[in-house]
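To start, the structure under review is shown below, and the notes come after it.
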Amino acid sequence: MTTPAFTLERDARGRLVCTLADGTRHAGVLPVRAFPLSAPDQDVSLVGGDGHEVLWFARLADVPETQRRLIEEDLASREFIPTLERILSVSTFSTPSTWTVETDRGEARFVLKGEEDIRRLALGALLITDTHGLSYRVRDRFALDPHSRKLIERFL
């Protein structure tokens, strides 16, 4: 599938501006992933300020490098989901409980309000949401070290 002809640049205010092949300019477009956790590099839209889709890409890899970099930068600035790599400790096996974890962004502590805040995703992945609404991703719970697996299994 071919990617539609367009240009993408930042304006003086740092917003993304998309210009379509017919010359139509859309200022302030936002890239939006259809499936940010399960398929982050597929089905990405550029959505205009009015909430309507301007462009859609089946695969981000098909977007020319310069435009893809701008899209990825914008997504990274709005999407913050640390990856949980190890569970160091859990205060109690009932909820609420305080977890001390190691993430790809460093050590963190958060409070898990209830077991329902651990969401199972495809292929052993998990999404854990703390009391402040911050989400932590576990790419594959079966690939965690034995101590971390044992702790997390108590809550599933």
| query | Any residue in region 73-94 that is within 17 Å of residue 155 (Cα to Cα) and in contact with a Lys or Arg (Cβ under 6 Å, 6 or more places away or on another chain)? | reply | yes
| query | Residue check: is residue 137 loosely packed, with under 14 Cβ neighbours inside 10 Å and either in a strand (DSSP E or B) or in contact with a strand residue (DSSP E or B) (Cβ under 7 Å, 6 or more places away or on another chain) (or both)? | reply | no
| residue 141 vs. criteria without any contact (Cβ under 8 Å) to a residue 40 or more places away in the chain, of a type in the set (Lys, Arg) and closer than 30 Å to residue 10 by Cα | no
| query | Considering only region 107-132, how many residues are over 14 Å from the mean Cα position of the chain (by Cα) and either surrounded by fewer than 16 Cβ atoms within 10 Å (Cβ to Cβ) or aliphatic (A, V, I, L, M) (or both)? | reply | 17
| Out of all the residues in region 83-93, is one or more in contact (Cβ under 8 Å) with a residue 12 or more places away in the chain, farther than 15 Å from residue 149 by Cα, in contact with a helix residue (DSSP H, G or I) (Cβ under 9 Å, 6 or more places away or on another chain) and assigned by TED's automatic domain parsing to the domain that holds residue 149? | no
| query | If residue 99 passes every condition in (1) within 19 Å of the chain's Cα centre (by Cα); (2) within 14 Å of residue 138 (Cβ to Cβ) but one, which one does it miss? | reply | (1)
| Of these, 108, 76, which one is modelled with pLDDT under 95 and among the aliphatic types (A, V, I, L, M)? | 76
| said: Any residue that is closer than 30 Å to residue 109 by Cα, crowded, with 17+ Cβ neighbours inside 10 Å and hydrophobic (A, V, I, L, M, F, W, C) - is there at least one of those in region 18-28? | reply: no
| Going by the conditions given, is residue 63 at pLDDT 95 or above, buried (at least 16 other Cβ atoms within 10 Å of the Cβ) and not assigned by TED's automatic domain parsing to the domain that holds residue 128? | no
| message | One residue is enough: does region 40-51 have a residue meeting the conditions surrounded by fewer than 16 Cβ atoms within 10 Å (Cβ to Cβ), at positive phi and out of contact with any strand residue (DSSP E or B) (no Cβ under 7 Å at 6 or more places or on another chain)? | response | yes
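The values are calculated or read from the model by the stated rules, or taken from the named source; none is laboratory data. Remember, it's a predicted structure, so these values are computed and weren't measured experimentally. FYI the Cβ positions are ideal-geometry reconstructions off the backbone, even for glycines, and counts take in every protein chain you see.
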